[in-house]
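What follows is a single structure, written as structure tokens, with notes after it.
The values are calculated or read from the model by the stated rules, or taken from the named source; none is laboratory data. Here the structure is a predicted model, which means the values were calculated and not measured. In this analysis, Cβ positions are derived from the backbone assuming ideal geometry, glycine residues included, and neighbour counts consider all displayed protein chains.
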Amino acid sequence: MALTGSLSLVGLLVLADLDYVAWRTALTGTSSWLDSLVLCPGLHRQHDAQHLAHGEFPACAAMTTGYVFRVENPATVAYLQRVSRTGHLTNLTVHDLRNGPGFALPATRAADTLLQLAAASTIAGMSTLLYIADIWALAYLATLILIRLINIAMIRRQVDIDWHGASEPGVRGDLFILLSYDRWVRIKGDVDDLKAITSGRWLREATALEEALSGVATLLAWGSPMLAATASSRGHIVILGLLVCNAALLFLANVETKGLQMKGKMARVEVRRKYERRRILAEELIEESGRDDWAIAMALIPPKSGGSQYAGGAVL
């Protein structure tokens, strides 16, 4: 009897403050309609994907030109924080998926399979509830799917791909990014691809209508446990199993995602190298790039008397 009473609270599980859905959104740069069948705790916090970088906008130097600026895309910053390591230089490459979609397959194949399993488990769970005729449990899951659909629609509308600087076709770029906690990142690729993932914003501000819909989705999320509370004991077990299973599969999908997809581009880690001193790293990159103005601007090395001075055009 006590167990039955405890299971009636299973609907509250969806309000757990997990960030798996937010991370999935940041890693893919958008959200697919299939995601509406991936039901796990924290699903109402999808827009927190904009805040996963915790407000960091790291300094970035174009080693080919000497210009220094900041990485403004919070999804890109969050990904770089995720893959970088203290005392290591993490090397990434960026590719345009329209020119070589096969580049994304090794990075996303396992994750896509796990997400398909999560969606299939939701369909199986709803089929089970339909078989046992638990209308309240079905209504609860339908409400969660509606919440997901609302949030997905807003994410897809707000993805901003209109601006990322002037086009420089055919020009190769080489960026050095200085993250907190002595984490260093180097990204190579076409300049247009580098601009797409580092400059401009990822999601535009919500309109009044989108803010209203977001409020509706939030209210539905907090009100949905009342539907679950009236479900049968078997319905509670199905809901519990489904939420836990989907959370585990989504967590594994995020872990198995080996790259960042953003505005039709993909950034992927190639290799990491540990350095005992930051000065050694700076000297190697200066020798390779053939200039030191960017390193002086980022305070990696002190300016030399009568030597190079920073002449870049952006403010740190």
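Which one of Leu92, Leu39 is at pLDDT 95 or above and part of a strand (DSSP E or B)?
Leu92
Can you name every residue in segment 190-221 that is in a helix (DSSP H, G or I), hydrophobic (A, V, I, L, M, F, W, C), in contact (Cβ under 8 Å) with a residue 40 or more places away in the chain and under 19 Å from Ser36 (Cβ atoms)?
Listed by number, the residues that qualify are Leu213, Val216, Ala217, Leu220, Ala221.
Assess whether Leu243 counts as being in contact (Cβ under 8 Å) with a residue 60 or more places away in the chain, of a type outside the set (Phe, Trp, Tyr) and touching a Pro at 6+ places or on another chain (Cβ under 8 Å).
yes
So which pairs qualify, if the first residue must be in segment 79-96 and surrounded by fewer than 18 Cβ atoms within 10 Å (Cβ to Cβ), the second must be modelled with pLDDT under 95 and assigned to a helix (DSSP H, G or I), the Cβ gap must be under 7 Å, and the two must be at least 6 apart or on different chains?
Qualifying pairs under 7 Å: Asp96/Asp193.
I need a count of the residues in segment 245-258 that are more than 20 Å from Ala120 (Cα to Cα) and crowded, with 24+ Cβ neighbours inside 10 Å.
Selection size over segment 245-258: 0.
So, in segment 12-58, how many residues would count as being among the small types (Gly, Ala, Ser) and touching a Gly at 6+ places or on another chain (Cβ under 8 Å)?
Matching residues across segment 12-58 total 2.
Between a first residue in segment 31-54 that is buried (at least 22 other Cβ atoms within 10 Å of the Cβ) and a second residue that is assigned to a loop (DSSP other than H, G, I, E, B), which pairs have beta carbons less than 8 Å apart while being 6 or more apart in sequence or on different chains?
Close Cβ pairs satisfying both conditions: Cys40/Leu18; Gln46/Ser31.
Can you name the number of the only condition in (1) surrounded by 17 or more Cβ atoms within 10 Å (Cβ to Cβ); (2) modelled with pLDDT of 90 or more that Leu203 fails?
Only one criterion in (1) surrounded by 17 or more Cβ atoms within 10 Å (Cβ to Cβ); (2) modelled with pLDDT of 90 or more is unmet by Leu203, namely (2).
Filter segment 81-93 for residues that are more than 14 Å from Lys258 (Cβ to Cβ) and among the aliphatic types (A, V, I, L, M) and give the result.
Leu89
From the residues in segment 43-64 that are within 13 Å of the chain's Cα centre (by Cα) and aliphatic (A, V, I, L, M), which one is farthest from Trp294 (Cα to Cα)?
So, considering only residues that are within 13 Å of the chain's Cα centre (by Cα) and aliphatic (A, V, I, L, M), the one farthest from Trp294 (Cα to Cα) is Ala49.
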